[in-house]
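Remarks on the structure that follows.
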Number of protein chains: 2
Amino acid sequence: MIDERSKQVLFAVIQCYINEPGPVGSRVVTKKYSFGLSPATIRNIMSDLEEMGFLRQPHTSAGRVPTDIGYRFYVDKLVCERQQNNKENLFDIYKKLEMQKKDINSFLDAASRMLSSLSHYIGITTSPNAGMTTLNKIDLIKYRENHVAVLLFTDEGIMKNRIVSVDSDISQKDLNRIAEYINGKFVGHTLDDIRKSIVREITKEKVVCDKLISEALTLIRDIFSTSHSDIFISGLSEVLELPDFCDINRIKELLKTIEDKHIIVKLLDEISDSEGPRVFIGSENPLEEMKKFSFVVSTYKEGSRPIGAIGIIGPTRMNYIKAISIVDTTAYYITNMLSGR
Amino acid sequence: MIDERSKQVLFAVIQCYINEPGPVGSRVVTKKYSFGLSPATIRNIMSDLEEMGFLRQPHTSAGRVPTDIGYRFYVDKLVCERQQNNKENLFDIYKKLEMQKKDINSFLDAASRMLSSLSHYIGITTSPNAGMTTLNKIDLIKYRENHVAVLLFTDEGIMKNRIVSVDSDISQKDLNRIAEYINGKFVGHTLDDIRKSIVREITKEKVVCDKLISEALTLIRDIFSTSHSDIFISGLSEVLELPDFCDINRIKELLKTIEDKHIIVKLLDEISDSEGPRVFIGSENPLEEMKKFSFVVSTYKEGSRPIGAIGIIGPTRMNYIKAISIVDTTAYYITNMLSGR
DNA sequence: ATTAGCACTCTACCTTTGAGAGTGCTAAAA
DNA sequence: TTTTAGCACTCTCAAAGGTAGAGTGCTAAT
């Protein structure tokens, strides 16, 4: 389909373009890479590559620029060959993040900053998807008259807390009883499973237990269902330094997408059941607003189950090698750190 | 110092400029406002105003543009005269925010979005300054072996929670005892005060009580001291639509400032002991990075003590009337809603 | 199959030009 | 004394032309 030499030329063009933006011409390729061919030959090859859809010309008689398909080809090759990560920066990441261990959210915030400062693109991390985490303990605490604090502990630390007002004033003793009942039933299950069983239990109306408990269950179900995860985004100013973002309209687009965090959360949620780092290049992006950018994502896990996502957003002219490596190793260390608590 | 007629002209120029950017000339002023004077006279007045520092010319033979001093004069006048807020939009704000009452942080997040969507500038809210809030209750819960969850309830809802690892395994009973002791001593005081007394107590070494308690106190002091408040910023994409931000460098500046949230937190903290809405115009801003923007801030309170700040960032060419009114009423309603819990 | 040579194309940047808007000044009018 | 009309002058902005540079595609020679 595509011979080895053409492939080499394609990769050369892509690497040139990643190093500095602007169409890359045949002469430049011959100078930077010693193919032992003249510009004219390279030109012919590039012309072929354009026909195949890997390159394109911004305008007649300019150099070539990679298409999304070209990048895809390049990245696929990359991922295949990548056995050895560059282990050097691993340790740095590890050490710096270690400091932030205190609380899971500030930890993930720090991780997103880390992603962006390492890559010079936009770094994104999400807090664990509540539904995927396992319940460690529920506590009900009387907060003041008619107000109860519901605390959901998961294996990663406190995940959710909420103060709810209840109609009848319940004593702390009763609350303890309810909590005990719920704990006995649900500890060790994922929140998603718990929600499902609660729904089942309520609808089946086989509430042998007392009214308070059924009320509490309804309450907890509600808490579970409004579980939008937190998301940490950083590096916007970082990305503005790139020549790719000299156009004000692109900035606007990007900002609008990112500011509506729910969009990103949804996107990441969809991804978060897949393995290893994934790359979405330009038009491959499921989100309309992101079709001009590239997105490298991976997940961190609790045990073997992915519970949260991290990633990098940058221009399609992204240093994919670096980005993939950064995302991958960061995900790896987040997983480690969560389990090491 | 400055006669009435000149003042009128100054305000006319400012209003023109706020309505649409670009230097405003003498002809425009005579057309939009009926002073009964010819352009030539207006020109003379404007020339005087320039000498006094209220206006300036971007270049010879262009119209005039207000200086920061000019805006200041205008805003001062405004604040003096402002007795009647436009009560219409109050109700809207109130109703929409009411929905978000559930949890204080998502509530403040919503409030910041509200600020930005109403003003079309950048909306900022901070969560209550932990130090200023009063302690409602402390709870210590055994989370797993050697791990204790410390919960700080304040009158606004749960403010802080942290899981800490302790050397010796403590029983829930002991934890309850410690919590009880601390509660008895500190409930009703502000966290700042509590921190101070803890420090005193520890340093004085008059720890008649047992070792666990002194250890717990040290712990809690640490938790208090790392109290950076959350901050919610929104409306970045909003602001890019303004003609004032057509220059990419200004965007960069702004983003850099805003992305480093600690800067803003610090700024707001300094302000948060003053009354009513305050306006910082361009160079009046204490922060170097903000000297090209204007900042309208106010505080929300617990009782009569300000505990958090909200504000709007926009261009110096800001609609100050609207901005002040929005900030003021939003602050008012946040105060109300917090106390109405 | 590859390459050298050449005409052609397109962009980016610079300069020029003219229109438009607005000022400052002066002298006349109120 | 204050206001106004008239006019020359200045500056910006946008469009128009012109040139250099980079790169291509094609053809004919190697």
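Every number in this text was worked out from the coordinates using simple rules, so none of it is lab data. Being a predicted model, the structure only gives us computed values, none of them experimental. Glycine also receives a Cβ, built like all others from the backbone with ideal geometry; neighbour counts cover every protein chain displayed.
Between the helical axis of A:104-119 and the longest alpha-carbon principal axis of chain A there is an angle of about 0 degrees.
Counting only alpha carbon atoms, the long axis of helix A:320-339 and the longest principal axis of chain A meet at about 20°. In this calculation the C-beta distance from B:I248 to A:R5 is compared with R0 = 51 Å, giving a FRET efficiency of 0.80. Only Cα pairs under 8 Å and at least 6 apart count here; give the relative contact order of region B:264-341 as a rounded whole percent. The value is 28 percent.
For chain A, what class follows from the C-alpha gyration tensor (a ≥ b ≥ c being the square roots of its eigenvalues): rounded when a/c is under 1.5, otherwise prolate if a/b is larger than b/c, else oblate? Because a/c hits 1.5 or more and a/b exceeds b/c, chain A counts as prolate. For the set B:K77/B:K261; B:K96/B:K256; A:K291/A:K322; B:K32/B:K95; A:K261/B:K196; A:K142/A:K261, the pairs lying more than 28 angstrom apart at their alpha carbons are B:K77/B:K261; B:K96/B:K256; B:K32/B:K95; A:K261/B:K196; A:K142/A:K261. For chain B, the longest principal axis of the C-alpha atoms and the axis of helix B:88-98 are separated by about 30°.
With a 10 Å cut-off around each Cβ of A:154-165, the average count of Cβ atoms from other chains is 3.
With the simple spin-label model, which puts each label point 7 Å out from Cα in the Cβ direction, the B:L287 to B:E275 separation comes to 2.7 nm. For B:N19 and B:Q57, the difference between the fully extended length at 0.36 nm per residue and the C-alpha to C-alpha distance is 11.9 nm.
Take peptide B:259-267, look around each residue's Cβ out to 10 angstrom, count Cβ atoms belonging to other protein chains, and average those counts.
1
A:Y94 label point (Cα plus 7 Å toward Cβ) to equivalent points in the other copies: 5.9 nm, shortest first. For the pair region B:136-182 and region B:21-78, the centres of their Cα atoms are 63 angstrom apart.
Each copy carries a label point for B:P243 at 7 Å from Cα toward Cβ; from one copy, the others' points are 3.2 nm away, ordered from shortest. Take the Cα of B:N146, step 7 Å toward its Cβ, do the same at B:D167, and the gap between the two points is 1.2 nm.
Label-to-label distances for A:E289 across copies, nearest first, come out at 2.3 nm, using points 7 Å from Cα in the beta-carbon direction.
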